[in-house]
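The values are calculated or read from the model by the stated rules, or taken from the named source; none is laboratory data. Since the structure is predicted, the reported quantities are computational estimates derived from the model, not experimental observations. Neighbour counts run over all protein chains shown; Cβ positions are idealised from the backbone, glycine included. Only protein heavy atoms, including side chains, enter the accessible area calculation; ligands, DNA and RNA are left aside. Shrake-Rupley method; radii C 1.70, N 1.55, O 1.52, S 1.80 Å.
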Amino acid sequence: MSKLLTVFGATGHQGKALIDYVLANPSLSPLFTLRAVTRDPTKPAAIALKERGVEVVKADLDVRSTVFEAVAGSYAVFAVTQFWERASAEVEIAQGKAMADAAVAAGVTQLIWSSLPNVTEMTQGKITVVEHFDSKAEVESYIRTLDIKSMFYMPGWFMQNFLLPGMQPQKQMDGGSYVLPVPWSPETPTPLVDIRDTGKFLTPALLRPDEYHGKRFTCATSFTTPAEIAEIWSNVTGKKVVHQVPGSAQHASVVNPPGLKEAGDLLYQYGYYGPTGEADLVWTLEQLDEKPTSWEQFLRDNEPWFT
């Protein structure tokens, strides 16, 4: 008999990626039936899931009673929040704890939380403004106090960020080159991950929850520097893509989305995952049955970049 896997954020990037992977994976699809949790079951993305045989239920993460109803009868729960919808650490912490409490109350066997490191602790209070990391870490700490098997999915820098307006390389006045709008040092190791690979990272824990109870998965393809990102972009597209040192005149002409400077400070001084990040990534990749998508492959999958 199949087990019920309930996925929050089912019409968002991570939740949808997990559902897509489970439905297509011959090892997982016979083992799990899927329940998609969304705030609006009438939107096209939710309807599309229902048409694929996924149960779709409505829940509002700000209303605990609806969260408890959404997880009833579940074997496993994937819990994720969207900090930037409200840009509030307080809201994200409350939502995360609501999902955790609901899972415990429902007798769920396994809870998978989309987490991140606590930057304030990791930097000994020197960087205190990366709230969307710290809030997820606080929920993780709370989950670790509960009587439930848990695993922590810790995604790196989404490759999909480069699909956002202002994040693609910006064409320069000379007309023949592009500047990569990443405002940190060209030699800073950046953990790139394709959101579509969410299921690849979660499969080991879904198949063997006892083995991975309490474990953190450092989820990235590799640590890749901005200089390497630009070089591979050039090789794939045939266009000259360069990364300029932050503060240069050329770099000042690109869009600098909110929060990127703080992310750059974290990456440059402490590492995205802290001092053990590279070793943790090696361990994580050793657990996977399927290799994650490379940066080169992601670029090819999303061409054309320059028209």
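If you check Ile143, Ile112 for being open to solvent by less than 60 Å² (accessible area, probe 1.4 Å), within 18 Å of the chain's Cα centre (by Cα), of a type in the set (Val, Ile, Thr) and over 24 Å from Thr190 (Cβ atoms), only one passes: Ile112. Of all residues in the range 74-109, those satisfying the criterion of being under 26 Å from Thr203 (Cβ atoms) and open to solvent by 30 Å² or more (accessible area, probe 1.4 Å) are Tyr75, Gln82, Val104, Ala106, Gly107, Thr109.
Of all the residues that make up the range 118-129, how many are within 20 Å of Gly277 (Cα to Cα), open to solvent by 10 Å² or more (accessible area, probe 1.4 Å) and part of a loop (DSSP other than H, G, I, E, B)?
We begin by selecting, within the range 118-129, every residue within 20 Å of Gly277 (Cα to Cα); these are 118-128.
The next check asks that each one be open to solvent by 10 Å² or more (accessible area, probe 1.4 Å); those that pass are 118, 120-122, 124-128.
Now drop any that are not part of a loop (DSSP other than H, G, I, E, B), which leaves 118, 124-128.
Counting residues in the range 118-129 that are within 20 Å of Gly277 (Cα to Cα), open to solvent by 10 Å² or more (accessible area, probe 1.4 Å) and part of a loop (DSSP other than H, G, I, E, B) gives 6.
Residue check: Ala100 meets all listed conditions (1) outside any loop (DSSP other than H, G, I, E, B); (2) in contact (Cβ under 8 Å) with a residue 24 or more places away in the chain; (3) farther than 18 Å from Val7 by Cβ but one, namely (3).
Just checking, does the range 154-167 include any residue being in contact with a helix residue (DSSP H, G or I) (Cβ under 6 Å, 6 or more places away or on another chain), without any contact (Cβ under 8 Å) to a residue 24 or more places away in the chain and within 25 Å of Gly277 (Cβ to Cβ)?
Within the range 154-167, none of the residues are in contact with a helix residue (DSSP H, G or I) (Cβ under 6 Å, 6 or more places away or on another chain), without any contact (Cβ under 8 Å) to a residue 24 or more places away in the chain and within 25 Å of Gly277 (Cβ to Cβ).
For the range 185-212, the set of residues classified as open to solvent by 10 Å² or more (accessible area, probe 1.4 Å) and modelled with pLDDT under 95 consists of Ser185, Pro186, Glu187, Pro189, listed by residue number. Scanning the range 213-236 for residues that are closer than 13 Å to Ile112 by Cβ and either open to solvent by 10 Å² or more (accessible area, probe 1.4 Å) or free of Cβ contacts under 8 Å to residues at least 12 places away in the same chain (or both) yields a total of 4.
Under the condition of being of a type in the set (Lys, Arg) and assigned to a strand (DSSP E or B), which residue from the range 17-62 is nearest to Ala103 (Cα to Cα)? If we take residues in the range 17-62 being of a type in the set (Lys, Arg) and assigned to a strand (DSSP E or B), then Arg35 is nearest to Ala103 (Cα to Cα). Within the range 46-62, if we keep just the residues that are in contact with a Ser or Thr (Cβ under 8 Å, 6 or more places away or on another chain) and of a type in the set (Asp, Glu), the residue that is surrounded by the most Cβ atoms within 10 Å (Cβ to Cβ) turns out to be Asp60. Residues in the range 26-45 that are open to solvent by less than 20 Å² (accessible area, probe 1.4 Å) and either at pLDDT below 95 or within 18 Å of Arg196 (Cα to Cα) (or both): 3 in all.
Select from the range 146-171 the residues that are open to solvent by less than 30 Å² (accessible area, probe 1.4 Å) and modelled with pLDDT under 95 and write down the one among them that is nearest to Tyr212 (Cα to Cα). Restricting to residues being open to solvent by less than 30 Å² (accessible area, probe 1.4 Å) and modelled with pLDDT under 95, the top hit is Phe162.
Matching residues to (1) at pLDDT 70 or above; (2) open to solvent by 20 Å² or more (accessible area, probe 1.4 Å); (3) outside any helix (DSSP H, G or I):
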{"residue": "Asp265", "(1), (2), (3)": "yes, yes, no"}
{"residue": "Tyr268", "(1), (2), (3)": "yes, yes, no"}
{"residue": "Gly274", "(1), (2), (3)": "yes, no, yes"}
{"residue": "Asp280", "(1), (2), (3)": "yes, yes, no"}
{"residue": "Glu296", "(1), (2), (3)": "yes, yes, no"}
{"residue": "Arg300", "(1), (2), (3)": "yes, yes, no"}
{"residue": "Phe306", "(1), (2), (3)": "yes, yes, yes"}
